[in-house]
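Undergrad: Sharing a structure below in structure tokens format, with a few things to ask.
The values are calculated or read from the model by the stated rules, or taken from the named source; none is laboratory data. Everything numeric here is computed off the predicted structure, so don't read it as measured data. No Cβ is skipped: glycine too gets one built from the backbone with ideal geometry, and neighbour counts run over all protein chains shown.
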Amino acid sequence: MVLLTFNIVNIEAKCKNGIEVSDEERLKISENNTKAILRILDKQDIKASFFVEISLVEKLRNLLKAISSQGHEIAFYNQNSSSEEIENTKRIIQDFLEKQIKGIRQKDNKISYESLKLMEFSYISNIDNAGILFPFKRLKRDTEIIEQDGLSIVPESISPYSQLPYNDFVFQVLPMKYYRNMVFETLKNDEFVLIYLNSWQFTDFARYHFDVPFYRRLNSGKKMEDKLDDLLSWINEKEMATSRMKDYIF
């Protein structure tokens, strides 16, 4: 099973030459990038899970409505929100969408499992920092979903052969031929492959002049769209099963 997920997050990088990009412009970039992702998913008829950074949820109501109406899952991505902020946002957006938010993803600032269970989340999909040296730091990890404190804990996927994780950075820099082989070989060994990308990776950095490392500019923007389209076309060609996170877990 291929679990395709996207983090909707604003790009935090500063701009070169003292150029300023307002919070409103950053939000619009995230919205446009997400719409590009949705067009590709619609073209390939594949459903995915979108983890929305909690501070952006209420600012992107119309976008979240569109995502949900197209059959994709809405979940939360916690960067630095408090338990109270998460709980309030969850209640408000569930009333707005008339659907339950079951999943949450965390990286640096992690709320306790007990607190998340009390908020009626059903699963947690934690991720690690992804950088140019990250793939070489941890070569072993569990790749099975476990139950803890009444929650399903979904780990990041890792190739059992190359030992590369399926994070946003690896997708961006690996040649697609190698990435497809990695997915194919992993599914021979594991029950699922969890892939995650960030909405900011679809930004046209030449247009906005964000000061990002050279290796993060590679295959970004339109090249990232083409790369995603290529992967999904291959998944359909090979008739691989795909699923939203909440459907696969429950």
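Undergrad: Only residues that are of a type outside the set (Lys, Arg) and over 16 Å from residue 98 (Cβ atoms): list them for the range 59-74, please.
TA: 60, 63, listed by residue number.
Undergrad: Follow-up question, since we're still on this one. Restricting to the range 107-129, count the residues that are assigned to a loop (DSSP other than H, G, I, E, B) and either closer than 18 Å to residue 63 by Cβ or touching a residue at least 12 places away in the same chain (Cβ under 8 Å) (or both).
TA: Residues meeting the conditions: 14.
Undergrad: Every residue in the range 191-240 that is of a type in the set (Ser, Thr, Tyr) and outside any helix (DSSP H, G or I), please.
TA: 196, 203, 220
Undergrad: Now a separate question. Residues 188, 222, 227: which one is within 29 Å of residue 146 (Cα to Cα) and either of a type outside the set (A, V, I, L, M) or at pLDDT 95 or above (or both)?
TA: 188
For (1) under 18 Å from residue 107 (Cα atoms); (2) touching a helix residue (DSSP H, G or I) at 6+ places or on another chain (Cβ under 8 Å); (3) crowded, with 21+ Cβ neighbours inside 10 Å, each residue gets a yes or a no:
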position	(1), (2), (3)
7	yes, yes, yes
15	no, yes, no
22	no, no, no
27	no, yes, no
30	no, yes, yes
43	no, yes, no
49	yes, yes, yes
56	yes, yes, yes
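Undergrad: Still on this model: Find the residue count for the range 40-90, including only residues that are within 25 Å of residue 243 (Cα to Cα), basic (Lys, Arg) and more than 17 Å from the chain's Cα centre (by Cα).
TA: Selection size over the range 40-90: 4.
Undergrad: Let me ask you something else. So, of the residues in the range 132-166 that are in a loop (DSSP other than H, G, I, E, B) and closer than 20 Å to residue 78 by Cβ, which turns out to be modelled with the lowest pLDDT?
TA: Of everything passing the filter in the range 132-166, 149 is modelled with the lowest pLDDT.
Undergrad: I'd like the full set of residues that are modelled with pLDDT of 90 or more, surrounded by 11 or more Cβ atoms within 10 Å (Cβ to Cβ) and farther than 14 Å from residue 85 by Cβ, limited to the range 95-113.
TA: Residues satisfying the conditions are 96, 97, 99, 100, 102, 103, 105, 113.
Undergrad: Out of all the residues in the range 194-230, which are surrounded by fewer than 21 Cβ atoms within 10 Å (Cβ to Cβ) and touching a residue at least 60 places away in the same chain (Cβ under 8 Å)?
TA: Hits for the range 194-230 are 208, 209, 211, 212, 213, 215, 225, 229.
Undergrad: Condition check: assigned to a helix (DSSP H, G or I), closer than 27 Å to residue 248 by Cα, in contact with an Asp or Glu (Cβ under 6 Å, 6 or more places away or on another chain) and β-branched (Val, Ile, Thr). Does residue 40 satisfy that?
TA: Answer is yes for this residue.
Undergrad: Cβ contacts < 7 Å: first residue on the phi < 0 side of the Ramachandran plot, restricted to the range 78-106; second residue acidic (Asp, Glu), any location; separation 6+ or different chain. Result?
TA: These pairs meet every condition: 79/53; 89/58; 92/58.
Undergrad: A follow-up question, please. Restricting to the range 58-89, give me the number of residues that are modelled with pLDDT under 95 and surrounded by fewer than 14 Cβ atoms within 10 Å (Cβ to Cβ).
TA: Of the residues in the range 58-89, 2 are modelled with pLDDT under 95 and surrounded by fewer than 14 Cβ atoms within 10 Å (Cβ to Cβ).
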